[in-house]
Amino acid sequence: MLGEQTMMQGMDADKAALLEAGLAKIRERFIASLEDRIESFCTLLERLEDPETEESACMEIRAQAHKLHGICGSVGQPRMGALAAQLEQHIDTLLAGERPLNTDFVDDLLNALLDEMEQNVDGA
Amino acid sequence: MKILAVDDDELIREILSATLEAHGYTDVTLAESGEDALQKIAASPTPFEGFMFDIQMPGMDGTELCQHVRQMEHYKNSPVIMITAMNNKEYVDRAFMAGATDYVTKPFDTTELMTRIRLADRLQSEARKAAAAAASAPAATAAAPKPPFKDPVTVKDVRGVVKSAALDNYVMLMLEQKQFAMAAFAIRVPELEAVHAGSDIEEFTYVVTDVAEVISDCLVGAQAFLSYLGGGVFVCVGAKNKLPTADSLHDEFVMMLNDPDLVYCEEVATGFTAQIGEIAAPKLFEKRGDLRFLDRAVEKLNEVSSSPRSGGGRFAA
């Protein structure tokens, strides 16, 4: 994680402390952003139930999971990042395959990710 | 170094900015999209000296942005570090083909991130010093001798052809992500030495570019990248199971080399031959990121060469 490694870079203590303070604020803002992200995923879960919108929902879920995967490791959320990455990869495989889509596992993975996100909101 | 960092995620932009600033890179401009980046490049009173582009963004993605930047005269050789959270080879291939010179992966590892930035900074500083020296001594530059044959020349606008440093970075990324079994082989066109001796550097670069294009055409479907190392030697890297063997490639390659519509050499009348080395692959005990198999590819080429090696090695430059 970024904060844990900063002292290894040979920065002076003041700059390291400044960076750590900046990253702590970013981590707080990330946790604060989770409720909006959860709400957005829940809307997409509903669209996933409709065959008319399931493919576009999958693409949007994938895009959001990709962003989450990119940020989680840098804000101290490796488990959430791993779940997001798994979801992203599964959707890539699914979309490259046959139609009609079977989105059952997308549903399962997204619910696991949502559980993890909600735990972090509750714990904040 | 004046840096433009582009990512559609606000928190990632802030992490980049905070980390770069803490390490002394205080001149950092942030952009939220490819379109925003192009506007900021156009509006900047002084040029940027390095770029960081997220590969996957809505609208114009990082690869397309890289293509746009590379078309700008001032930024043809600027360091472009791609930011990627993905292990999709197609995206990474496209980014390097578009002119990316390096990459960092999300989530960021500070050590890796700063190593990449410092490397880009060093390259940029060296380029700046060289440009300043050339500008301050125009007469000397005009009279400067032609670069020696063993030095690489820059091949532009050929599919899959990248500079040697970018090829190394690409291979490291592929090995790190364990995308597929990689391998490499090298090709020498000995007559390029005579072309070099008998023509100016511009003409020689044209011929090298034509040869690179023929190699690229021969490797279509092999997901391969190649680089001109100097000394008439090219190294090609790709999926082990898709690279052609020396025997299967040789005849077609030589035939194409001698097609004047494909390789046009005005100054020096010559027929072309080719020496093609056997394929070299990473060994089981070699760690990820170990690039020695690229050197072995050149060694295997030297084994088949009848003439003394003239390339000066993979790192001749």
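The values are calculated or read from the model by the stated rules, or taken from the named source; none is laboratory data. Treat the numbers as computed from the prediction; the structure is a model and nothing was measured. FYI the Cβ positions are ideal-geometry reconstructions off the backbone, even for glycines, and counts take in every protein chain you see.
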Q. Quick one: would you say A:Leu101 is surrounded by 13 or more Cβ atoms within 10 Å (Cβ to Cβ) and in contact with a Cys (Cβ under 8 Å, 6 or more places away or on another chain)?
A. yes
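Can you go through B:Met1, B:Met57, B:Met52 and tell me which one is outside any helix (DSSP H, G or I) and away from every other protein chain (no Cβ under 14 Å)? Lay out the reasoning, then the answer.
Values: B:Met57 fails: away from every other protein chain (no Cβ under 14 Å); B:Met52 fails: away from every other protein chain (no Cβ under 14 Å).
Among B:Met1, B:Met57, B:Met52, only B:Met1 is outside any helix (DSSP H, G or I) and away from every other protein chain (no Cβ under 14 Å).
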Q. Mind checking which residues of region B:77-126 are of a type outside the set (Phe, Trp, Tyr), assigned to a loop (DSSP other than H, G, I, E, B) and within 14 Å of chain A (Cβ to nearest Cβ)?
A. B:Ala85, B:Met86, B:Asn87, B:Asn88, B:Lys106, B:Pro107, B:Asp109
Q) B:Leu113 fails exactly one of the following numbered conditions: (1) buried (at least 24 other Cβ atoms within 10 Å of the Cβ); (2) within 27 Å of B:Val153 (Cβ to Cβ); (3) more than 13 Å from the chain's Cα centre (by Cα); (4) at pLDDT below 90. What is the number of that condition? A) (2)
Q) Among B:Val80, B:Val92, B:Val104, which is the only one that is farther than 13 Å from B:Phe51 by Cα, among the β-branched types (Val, Ile, Thr) and at pLDDT 80 or above? A) B:Val92
Q | Every residue from region A:64-78 that is in a helix (DSSP H, G or I), more than 9 Å from chain B (Cβ to nearest Cβ) and of a type in the set (Gly, Ala, Ser) | A | A:Ala65
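Taking the options B:Leu284, B:Leu301, name whichever one is of a type in the set (A, V, I, L, M, F, W, C) and either modelled with pLDDT of 90 or more or buried (at least 16 other Cβ atoms within 10 Å of the Cβ) (or both). Don't jump to the end; show me each part of the working.
Working: B:Leu284 fails: either modelled with pLDDT of 90 or more or buried (at least 16 other Cβ atoms within 10 Å of the Cβ) (or both).
Every option except B:Leu301 fails the conditions.
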Q) Tell me, which residue of region B:6-30 that is crowded, with 24+ Cβ neighbours inside 10 Å and either within 26 Å of the chain's Cα centre (by Cα) or part of a strand (DSSP E or B) (or both) is farthest from the other protein chains (Cβ to nearest Cβ)? A) B:Val6
(Q) Going through A:Ile61, A:Ile26, A:Ile38 one at a time, which residue ends up being within 14 Å of another protein chain (Cβ to nearest Cβ) and either on the phi > 0 side of the Ramachandran plot or assigned to a helix (DSSP H, G or I) (or both)? (A) A:Ile26
Q | Among the candidates B:Gly238, B:Gly231, residue that is surrounded by 20 or more Cβ atoms within 10 Å (Cβ to Cβ) and touching a Lys or Arg at 6+ places or on another chain (Cβ under 7 Å) | A | B:Gly231
Q: Quick one: in region A:79-95, of everything that is charged (D, E, K, R) and within 12 Å of chain B (Cβ to nearest Cβ), which residue is nearest to the chain's Cα centre (by Cα)?
A: A:Glu88
